[in-house]
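S.K.: This is the structure I have questions about; it appears just below.
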Amino acid sequence: MSEYLVDIKNERLSFFTPAGEVKALNDVSIHLKEGEVLGIVGESGSGKSVTAYSLMGLTAYPGKLIGGSLYFNGHQVDQMTDKEMRKIRGNEISIIFQDPMTSLNPVYTIGNQIMEAILLHTDKSKEQARERAKELLELVGINEPDKRLKQYPHELSGGMRQRVMIAIALACEPKLLIADEPTTALDVTIQAQILELMMDLKKKLGMAIIMITHDLGVVASMCDRIAVMYAGKVIEYGTADDIFYNPKHQYTKGLIRSIPRIDAKEHERLIPIEGTPVDMLNPPKGCPFAPRCEECMKICLREMPPVTDLGDVHYTQCWLIQKEEMEKGAAK
Amino acid sequence: MSDKQNSFIQVEHLQQYFPAGGFGRNKKYIQAVDDVSFTISKGETLGLVGESGCGKTTTGRTLLRLYEPTGGRFVYDGNVIFDVDKKQFVDMLPYRKRMQIVFQDPYASLDPRMTVGDIVGEAIDVHKMAANKQERYEIIIEMLRRVGLNSEHANRYPHEFSGGQRQRVGIARALAVRPEFIVCDEPISALDVSIQAQMINMFEDLQEEMGLTYLFIAHDLSAVKHISNRIGVMYLGRMVELADSYELITRPLHPYTKSLISAIPIADPKIAKESKRIALQGDVPSPLNPPSGCRFRTRCPYADEKCAQETPKWREVERGHFSACHHIDKLD
C-alpha cells in the first residue's frame, strides 16, 4: 500500500495513428494524497487530459499504455480488467467533463442520469435512489429538485448542467474527482460559482481533486500542488507557491510572464513565449521545449534533461537547473 | 470623447432585434442589442466585455452591417452608415475597404478549399486594389509578413496551420484592404495561453504601424484591459458601464462590473486566497423576455422597487465614466 491515493509512476502512453506513433505521455509521474487538490496545467496536446483519462481506464483507441504503473487507492489500475475497472469507475473515482452541453444524454431526464450512477454502484432501491438524487441536487445548489429531476438537459443553462454533472460525479462519494476543464465553456461569473461549489464540496466530502485546466488563475486559487505539462512530460511539479513564486523551468516562467494581469498598474508589454507548440508526430530530440527556449544550450537539443529535485515536492526537468544544482553541490 | 462631433466612430442608440417565432401581435423578438451608444476616437481601442449572449458580438457585426440594424444610428468618420429612423442605409462596398473584422474561430472562418494566398487575395480582387498579378502577389506577401508568416505559406491550405497561425491568416485577410477600423471579435479566446500573448502584442504592433482603430470584443477582462484604452461592459443587450480601462478596473461603479471583476481568477495564490468574490446568484435571463426596468435587477444584490419599474438612465457619472444604475451614488 502506498501512502498516496494516486501514484502514477513513469507512465508512457502512445497513440498509434496512421501517420505514426504519437508519444502522448512520456515518463509521467504524478502522485496525490487523500483530500489534496492537484492542478495539471498545459497547452492543448500537452497530455493533461490523457493522463487523467488513463487513470480511469478511458484511453481511447488507438492509444495504448506501453509502460509504467498506475496505482489508485491500492488498486493497480493498469493491471485491472474492464469488469474490475467498471466497479471503481463512477464509484471511487469520477470525472466531470469540459463541455456540459455534450456530456449529458439529451434523451434522458436529469433524474434518470443521476439515478443511473446510484443504481449501478449501490444496492439502493429506485425509491431510495430518487431520494439520494434529490439530496445531490440540493448539495450542488439546484433548487426545486423535484421539478429538475423530471427535466431534460436542454431545459437547463450551461452552469446548471455543469452542476448536474457534478451531482452525477458525486453520487457515490468518490475518493477522487477528476475535473477536466470544468469551467472552460462557462462564463466568468458562472465559473466563479462552480469553482466555489467544488471547493465547498471538497471540504464537506473530503475527496481529492485533479483539476485539469489551461487557466493559471483557476489553479492559483484552488490547488495545493501543480504539475506543469509540456509535450507529454511533467516539466515542473511543486506546491502552488513553488510554481508561482519560485518557478524554475523556462516554460513555467514564460507562462506566468505571458498572462496579462488584471491588477497591473502600468501598461506593460506582454512577454510571450515565442514559437509554436510542439508537433507531437515529430517531437524534437532532447528537451521538447528547447526550440522555444531562450536559454537553450547545446545539450538541450541532444538529450532530455533528468529530473532535478529542489526540496520536498518541487522538481523540474531542465538542464539549466540541473547544472545550477550540480554547481551548488560541488561548492558545498 | 466629450466632443461628439469629432469622434471617428459614433454609435447612437443601436438596436438589434432578431425575430424569434410568433405571428402578428404575438411576434417575439430576441432583444440582442438594445440602446447601445458609444464613440471611438481614431487610433483608439475600445474593449467590449460581457458574458455570452450579452450582445457584444452582435454589436460588432451590426456595425459592419453583417446584420441589418433594427434601430439606431452609426456615423463613421463623418459619414452616416445607417440611420434607421431616417431610413438611411448607405451602400457598404466602399466602406468594406475601410472596416474589417477578425472572427473568433480560426477553424471555421477560413475556407478550407482556398489557399492562404487566395484567402488574403480575395479582398484585393473585390476592391480591385491590384493592377496586375504581380502587384496582387506582392500585397499578399507583405500582409503575410506583417502578421509573422512568410511567402511560402501563401500556397498552403488552412488545415496545414495551427490555430495561432490560422488566426494570423484571418488578420492578414482583414489587413489586406488597408482598413482603418477593425472589429476584433474574440480573436484570442480559441488560442492557447502561450499564443495569446503573441497575438495581443501583434495587435498592438499593427495598430501602431498602420494607425488602426479597434473594437476589441472578448470575455476575458484581463486581456481586454491590457489592450484597450477604454472598456464598455455589456449585460443582456445593454451597455451598463463605460470608462477608461484602468479606471473601470480599479473603480467600477455598476454592481455587475464589480462582480465581473471579482469573479476573475488571479494567477497569484496569495492574492487569490485573500480576494473576496462578489458571487452572483443564478443565471443570465433570456433575451427573449428580459426583466423590466434594469435588466440586471434579477441578479443584483441592491435591486429594489425602482429598478423593476424604471430603466436606469445612461449617464456620465464622472468625466468620461458612464454608467446606467439607479444606485450608483449609494453604493460607494
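Read-outs: derived from the displayed coordinates by stated rules, not from any lab. Since the model is a prediction, treat every value here as computed from it, not as a measurement. All Cβ positions, glycine included, derive from the backbone under ideal geometry; neighbour counts span all protein chains shown.
S.K.: DSSP loop (so not H, G, I, E, B), at most 16 other Cβ within 10 Å: list which GluC sites (Glu not before Pro) in the stretch B:231-332 pass both filters.
M.R.: Filter output for the stretch B:231-332: B:E310.
S.K.: Which pairs, out of A:K124/A:K147; A:K328/B:K270; A:K253/B:K270; A:K23/A:K328; A:K248/B:K225; B:K56/B:K276, put more than 24 Å between their alpha-carbon atoms?
M.R.: A:K328/B:K270; A:K23/A:K328; A:K248/B:K225; B:K56/B:K276
S.K.: Antiparallel versus total DSSP beta bridges in the protein assembly as shown: what percent is that, nearest 5?
M.R.: Roughly 60 percent of the DSSP beta bridges within the protein assembly as shown come out antiparallel.
S.K.: Students often forget the sequence filter, so: which aspartates and glutamates lie under 12 Å Cα-Cα from A:K285 once same-chain residues fewer than 8 apart are removed?
M.R.: Correct list for A:K285: A:E303.
S.K.: Using the count of nearby Cβ atoms within 10 Å as a rough guide to exposure, how do A:V22, A:V307, A:V6 rank from fewest to most?
M.R.: Fewest to most other Cβ atoms nearby, the residues stand as A:V307, A:V22, A:V6.
S.K.: Now, a different point. Separation between the B:V80 and B:E122 pseudo-spin-labels, each 7 Å from Cα along Cα→Cβ, expressed in nm?
M.R.: For the pair B:V80/B:E122, the computed spacing is 3.3 nm.
S.K.: Moving to a separate point now. Report the Cα centroid-to-centroid distance between the stretch A:69-105 and the stretch B:292-332 in angstrom, as an integer.
M.R.: 48 Å
S.K.: What full-extension length gain, to one decimal in nm, is calculated for A:K150 and A:K265 as 0.36 nm per residue of separation minus the Cα-Cα distance?
M.R.: So the chain would gain 36.4 nm between A:K150 and A:K265.
S.K.: Shifting gears a bit: Whole-Hz Karplus ³J(HN,Hα) for the stretch B:267-282, in order, using 6.51 cos²θ - 1.76 cosθ + 1.60 and θ = phi - 60°, x for Gly and Pro?
M.R.: 7, 7, x, 5, 5, 4, 6, 7, 5, 9, 8, 8, 6, 8, 7, x
S.K.: Within chain A, what's the longest stretch lacking GluC sites (Glu not before Pro) that sit in DSSP loops with no more than 10 other Cβ atoms inside 10 Å?
M.R.: A:4-265
S.K.: Please report the spacing between the Cα centers of the stretch A:147-188 and the stretch A:267-332 in Å, no decimals.
M.R.: The stretch A:147-188 and the stretch A:267-332 have Cα centres separated by 38 Å.
S.K.: Does the protein assembly as shown come out rounded, prolate or oblate, given a ≥ b ≥ c as the square roots of the eigenvalues of its C-alpha gyration tensor, rounded meaning a/c under 1.5 and, failing that, prolate meaning a/b above b/c?
M.R.: Because a/c hits 1.5 or more and a/b fails to exceed b/c, the protein assembly as shown counts as oblate.
S.K.: Looking at the square roots a ≥ b ≥ c of the eigenvalues of the Cα gyration tensor of chain A, which shape do they give, rounded for a/c under 1.5, prolate if a/b is larger than b/c, or oblate? Walk me through the numbers on the way to the answer.
M.R.: Values: a/c = 2.02, a/b = 1.64, b/c = 1.23.
Prolate shape, in that a/c is at least 1.5 and a/b is the bigger ratio.
S.K.: Now for a different question. Any idea how far apart B:E310 and A:N246 come out in nm if each label point goes 7 Å out from Cα toward Cβ?
M.R.: Result: 5.8 nm between the two label points.
S.K.: Could you list the chymotrypsin sites (Phe, Trp or Tyr not before Pro) in the stretch B:45-95 that lie in coil according to DSSP, counting only those with at most 16 other Cβ atoms within 10 Å of their Cβ? Walk me through the numbers before you get to the answer.
M.R.: Details: sites: B:Y67, B:F74, B:Y76, B:F82, B:F89, B:Y95; in loops: B:Y67.
Sites meeting the loop and neighbour criteria: B:Y67.
S.K.: When the Cα centres of the stretch B:23-86 and the stretch A:29-49 are compared, how far apart do they sit, in Å?
M.R.: 43 Å
S.K.: Near A:K87, which aspartates and glutamates are there with a Cα under 18 Å away, not counting those fewer than 8 places off in the same chain?
M.R.: Within reach: A:D78, A:E116, A:D123, A:E173.
S.K.: At a 10 Å Cβ-Cβ cut-off, how would you order B:C307, B:C54, fewest neighbours first?
M.R.: The most exposed by this proxy come first: B:C307, B:C54.
S.K.: Please find the FRET efficiency linking B:R251 to A:T81, where r is the Cβ-Cβ separation and R0 is fixed at 56 Å, and quote it to the nearest 0.05.
M.R.: Efficiency computed from Cβ-Cβ geometry: 0.35.
S.K.: Pull up the DSSP beta bridges for chain B and report the antiparallel fraction as a percent, rounded to 5.
M.R.: About 65 percent, rounded to the nearest 5.
S.K.: Out of the stretch B:1-92, which trypsin sites (Lys or Arg not before Pro) are coil in DSSP terms and have no more than 15 other C-beta atoms within 10 Å?
M.R.: Values: sites: B:K4, B:R25, B:K27, B:K28, B:K42, B:K56, B:R61, B:R65, B:R73, B:K86, B:K87; in loops: B:K27, B:K28, B:K42, B:R65, B:K86, B:K87.
Of the trypsin sites (Lys or Arg not before Pro), the ones in loops of the stretch B:1-92 whose Cβ has at most 15 other Cβ atoms within 10 Å are B:K27, B:K28, B:K42, B:K86, B:K87.
S.K.: How do B:V126, A:V234, A:V164 line up, fewest other C-beta atoms within 10 Å first?
M.R.: Taking fewest neighbouring Cβ atoms as first place, the list is B:V126, A:V164, A:V234.
S.K.: With a ≥ b ≥ c taken as the square roots of the eigenvalues of the C-alpha gyration tensor of the stretch A:235-332, please select rounded if a/c is under 1.5 and otherwise prolate if a/b is larger than b/c or oblate if it is not?
M.R.: The shape class here is oblate.
S.K.: On to the next question. With labels modelled as points extended 7 Å from the Cα through the Cβ direction, what inter-label distance (nm, one decimal) is found for B:K276 paired with A:E138?
M.R.: Result for the modelled spin labels: 2.9 nm.
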